[in-house]
Structure formats: structure tokens, C-alpha cells
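Novice: Quick one: the structure is below, questions incoming.
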Amino acid sequence: MSFGKNPHVAKATAAEQKARAATDENARESAWREAARQWERAAEREALPKRAAEYTRNAEAARAEADNAPQPEADEAPAKAPAPIDRGVLN
């Protein structure tokens, strides 16, 4: 690691990529929350106020992505049962 670099920026970016690639909703939400945490840590370490504000906005956006997880709707009809098999056709 070189001096002067904020390591949490790279970690946050990697967590965002992981969230975008996740197929499971729980994993996606968890990765977005991890990205938000890393952006906050990057903002805490940043000396420049402009960059710290940018990192804070990134953290808020990551949390919003985690909260936008699609929820299963209660109004959805259950899956139809398969049609009964006509045993006369099988023989």
C-alpha cells in the first residue's frame, strides 16, 4: 500500500461490484451495506472536505440501494398445482 491512499475507497468499490454481481437478494443487500460502511470509513479518513462529502453521498446511495430490495408481494397468487396425470395414457 502506498502512502497517502485511502484504502477504504478500494474496499467500498469492490463491495459495490460484489453487490451488483450478487444473485441472491440477501447477499446483494449485505454487500450494499458493507459498501456503505466502507464509504463512511473513507469519509472519516479523508482530509479534504469535498472528497469527504462525496464519500458520504456514496454511503447514502449505497444504503438506499440496500433498502430498495424487492419485497415479495402478499397479493401474488400461489403457483398453480400441476394438472393430474391421466394414467390411461401412460400404459
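Novice: Could you name the lysines whose alpha carbon sits less than 25 Å from that of K18, not counting residues in the same chain fewer than 8 places away?
Specialist: K5
Novice: Can you tell me the dipole magnitude for region 1-68 around its Cα centre, using point charges on the Cβ only (Lys, Arg +1; Asp, Glu -1), in Debye to the nearest 20? Show your work: numbers first, answer last.
Specialist: Values: 13 positive and 12 negative charges, 72 e Å.
For region 1-68, the charge dipole is close to 340 debye.
Each value in this text was obtained by applying a stated rule to the coordinates, not by laboratory testing. Values in this document were obtained by computation on a predicted structure and should not be read as measured data. Quick reminder, even Gly has a Cβ in these numbers, built from the backbone with ideal geometry, and neighbours come from all protein chains shown.
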